[in-house]
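Read the figures in this text as sums done on the coordinates, not as results from a lab. What you see is a predicted model; the values in this text were computed from it and never measured. For neighbour counting, all protein chains shown are included, and Cβ atoms are generated from backbone atoms with ideal geometry for every residue, glycine included.
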Amino acid sequence: MARIIAGVASSHVPAIGAAIDNHRTEEPYWKRVFSGFEKSKEWMAKAKPDVCIAVYNDHASAFSVEFVPTFALGCAAEFPPADEGWGPRPVPVVKGHPELAAHIAQSVILDEFDLTVVNKMEVDHGLTVPLNLLFGSPKEWPCPVIPLAVNVVLYPPPTGHRCFMLGRAIRKAVESYPEDLRVVVFGTGGMSHQISGPRAGLINKKFDTAFLDNLTKDPAKLARMPHVEYMREAGAEGIEMVMWLVMRGALDDKVDEVYRFYTVPASNTAVGHIILANRPRAARHRAGAHKAGKRPTARKTKTPTKRAAARAKAVVIRGR
Ligand SMILES: [Fe+2]
């Protein structure tokens, strides 16, 4: 059975991609940003997921404003990098996982989430920048990636609650897939930023910090936040953070915060990043059983060492 092992949220600032592509990552301005992802890359290299699901938004690269699906799932075998005005980014083609994607589409649509199934799509910085931040710049991405594009560019975007519930439906879908796959879900975008108008350059560290705190501890509270609060507190483009709630909905209620990073600015954006891990199955089972008043499953006892066995024997002897 497939299972989701962790969720990763990360900003997807296009200038980060440009800094990578133009070999500027060692410049002091950019080093501050990239150094925050060194531990993340180490974590990802150890986690070695079999598949990633990347929740991101398309920035009028694959979908023009003539056609913007609310939720679009990439079911193709591969997704080339999009030309965003300077030619396609020099990053590997994203290989998909058509079988798992088709399974998710079926499960989620039958659960009444009306996804658009996409069989041909190019992917822009919204997806490729977070892959760089977590995987570096390899010749090939180390695992298949299923893109899930969410509309946050054309009013009305989906609510945070809808995104959170879609995440739950995705978890159910993944857990009903028969192959033993370890899956990591990415939520991308944010954090606070506004790129135009009188409030251009808006950053709200207090809001971003509270969002990160609640993402770990109280995601249901975030799921109730209305659009207007994102706009007011985190700027017009801060609405991208609803996509993090898809990722969070796909995780268990209780998660472990593995790592977090926050820096300002990158371009005119607050960069936020968090890694949340589901607890191992056995530990979750024990905690659940304990909560339900059942006797927890006994822990696996280690084979006693010679010294421990001798001590146990000594106790028995003394007791005689
Ligand atoms: Fe974006």
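Values for this structure:
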quantity: Which listed residue, of 18, 54, 45, is small (Gly, Ala, Ser) and surrounded by 23 or more Cβ atoms within 10 Å (Cβ to Cβ); calculated: 54
quantity: Any hit, region 117-127, residues being touching a Leu at 6+ places or on another chain (Cβ under 9 Å), farther than 30 Å from residue 39 by Cα and either touching a residue at least 40 places away in the same chain (Cβ under 8 Å) or assigned to a helix (DSSP H, G or I) (or both); calculated: yes
quantity: Flag if residue 166 is crowded, with 21+ Cβ neighbours inside 10 Å and more than 15 Å from the ligand (Cβ to nearest atom); calculated: yes
quantity: Residue within region 187-201 that is of a type in the set (D, E, K, R) and either touching a residue at least 24 places away in the same chain (Cβ under 8 Å) or in contact with a Leu (Cβ under 9 Å, 6 or more places away or on another chain) (or both) present; calculated: yes
quantity: Any chance residue 242 is touching a Cys at 6+ places or on another chain (Cβ under 7 Å) and within 13 Å of the ligand (Cβ to nearest atom); calculated: yes
quantity: Inter-residue pairs, beta-carbon under 6 Å, first closer than 22 Å to residue 88 by Cα and in region 41-70, second in a helix (DSSP H, G or I) and β-branched (Val, Ile, Thr), 6+ apart; calculated: 55/246
quantity: In region 98-114, the residues that are surrounded by fewer than 23 Cβ atoms within 10 Å (Cβ to Cβ) and of a type outside the set (Asp, Glu); calculated: 98, 100, 102, 103, 105, 106, 107, 108, 109, 110, 113
quantity: Some residue of region 85-96 being in a loop (DSSP other than H, G, I, E, B), within 16 Å of the ligand (Cβ to nearest atom) and of a type in the set (D, E, K, R); calculated: yes
quantity: Residue within region 140-158 that is loosely packed, with under 15 Cβ neighbours inside 10 Å, within 16 Å of the ligand (Cβ to nearest atom) and free of Cβ contacts under 8 Å to residues at least 60 places away in the same chain present; calculated: yes
quantity: Filtered residue count, region 162-184, keeping only those that are of a type in the set (D, E, K, R) and more than 16 Å from residue 101 (Cβ to Cβ); calculated: 4
